[in-house]
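The values are calculated or read from the model by the stated rules, or taken from the named source; none is laboratory data. Worth saying up front: this structure is predicted, and the values here are computed from it rather than measured. Note that each Cβ is placed from the backbone with ideal geometry, even for glycine, and that neighbours are counted across all protein chains shown. Ligands, DNA and RNA are stripped out before the accessible areas are found, and what is left, the full protein with its side chains, is counted by its heavy atoms. Shrake-Rupley method; radii C 1.70, N 1.55, O 1.52, S 1.80 Å.
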Amino acid sequence: MSGDQRLKNEIEHGRKIAGAAEEIWGWSGRVGALRWERRMSMLLGELKPGQKVLEIGCGTGLLTAEAVKTKARIFPLDVSYDLLELAKKKKGTRKASFCCASAYELGFRDKSFDAIIGMSVLHHLDIDRALKEFSRVLKDGGKILFSEPNMLNPHIFAERTFFREYFHNSPDETAFVRFSLKRKMKQHGFKDVSIQPFDFLYPKTPAALASTMNTLRRVVEKIPVLSELAGSLFIQATK
């Protein structure tokens, strides 16, 4: 499939889900809050005031609103105009500098950013084209931090293959196996690449079981082999 067609598919996907995106993505309710809080500590923990930070695929602005609180200079972008308009209206995003653009043509100068962040966005992209562009705009020593779906998780595998439409997936989105993704990132010149599986807290877990399951996931994530089946991957690397 051509890159242009892939972008068109993602733009159309954004238009379709815009009205219910946050519920579809699993951030609502008690379980959604627990999963969200953990991701925020992972993705934003290293950001410092004054840093110039690029957010890829900002969607409805959930991550943007939290990133702004770090007092870093946040530049969120999304290819979907519909989602971007929602992000601009999100409480707390006023100080962010939004841009409707493709991750393949960022429109910024070389070595412009101290960090690049994103949540559940890389699996929508042609990863080679995206990594090449990230490397171009990232400063030497700059960081990338992403959380992405893990293809080794049985549920993720099923929804990315046999039940794509039922789970509101776009035609081209996929998921990652951390070992092959790590090799690919190194091929694009990234160093200190760390990709760790995490998250056994299923979004549809009943609220009454949220605390118990959150405690259990801490145990399961430490078990070799079994931990590889976690729902998500936390990706860190340095240029």
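Once the stretch 219-239 is narrowed to residues that are out of contact with any helix residue (DSSP H, G or I) (no Cβ under 6 Å at 6 or more places or on another chain) and assigned to a strand (DSSP E or B), the residue that is surrounded by the fewest Cβ atoms within 10 Å (Cβ to Cβ) is Thr238. Residue pairs whose Cβ atoms lie under 7 Å apart, separated by 6 or more positions or on different chains, with the first residue in the stretch 104-123 and surrounded by 19 or more Cβ atoms within 10 Å (Cβ to Cβ) and the second acidic (Asp, Glu) and at pLDDT 95 or above, are Leu106/Glu133; Ile117/Glu55; Gly118/Glu55; Ser120/Glu148; Leu122/Glu148; His123/Glu148. Cβ contacts < 7 Å: first residue among the β-branched types (Val, Ile, Thr), restricted to the stretch 82-93; second residue assigned to a loop (DSSP other than H, G, I, E, B), any location; separation 6+ or different chain. Result? Between residues of the stretch 82-93 that are among the β-branched types (Val, Ile, Thr) and residues that are assigned to a loop (DSSP other than H, G, I, E, B), the close pairs are Thr93/Gly61.
Criterion first (in contact (Cβ under 8 Å) with a residue 12 or more places away in the chain, part of a loop (DSSP other than H, G, I, E, B) and of a type in the set (Gly, Ala, Ser)) does Ser135 satisfy it? No. Scanning the stretch 72-98 for residues that are open to solvent by 40 Å² or more (accessible area, probe 1.4 Å) and part of a strand (DSSP E or B) yields a single hit, Arg73. Being free of Cβ contacts under 8 Å to residues at least 60 places away in the same chain, outside any loop (DSSP other than H, G, I, E, B) and buried (at least 21 other Cβ atoms within 10 Å of the Cβ) is a property that does not hold for Leu216. Checked against the criterion of being more than 24 Å from Phe75 (Cβ to Cβ), in contact (Cβ under 8 Å) with a residue 24 or more places away in the chain and surrounded by 14 or more Cβ atoms within 10 Å (Cβ to Cβ), the candidates Pro197, Pro154 yield just one match: Pro197. Sub-9 Å Cβ pairs linking a first residue in the stretch 178-194 that is within 21 Å of Leu152 (Cβ to Cβ) to a second residue that is of a type in the set (Phe, Trp, Tyr) and surrounded by 18 or more Cβ atoms within 10 Å (Cβ to Cβ), at least 6 apart or interchain, are Ser194/Phe234, ordered by first then second residue.
Would you call Asp110 closer than 29 Å to Lys191 by Cα, at pLDDT below 95 and not small (Gly, Ala, Ser)? Steps first, please.
On the way: closer than 29 Å to Lys191 by Cα: yes; at pLDDT below 95: no; not small (Gly, Ala, Ser): yes.
Judged against the criteria, Asp110 is not a match.
Scanning the stretch 99-132 for residues that are under 17 Å from Thr238 (Cα atoms), assigned to a strand (DSSP E or B) and not charged (D, E, K, R), which turns out farthest from the chain's Cα centre (by Cα)? Ranking the qualifying residues of the stretch 99-132, first place goes to Phe113. Only helices (runs of 4 or more DSSP H) whose full extent lies in the stretch 16-71 are considered here, and the ones with at least 3 residues that are at pLDDT 95 or above, open to solvent by less than 20 Å² (accessible area, probe 1.4 Å) and under 24 Å from Glu105 (Cα atoms) are 62-68. Just to be sure before I move on: is Ser211 more than 20 Å from Ile156 (Cα to Cα) and not in a helix (DSSP H, G or I) in the structure I sent? Judged against the criteria, Ser211 is not a match.
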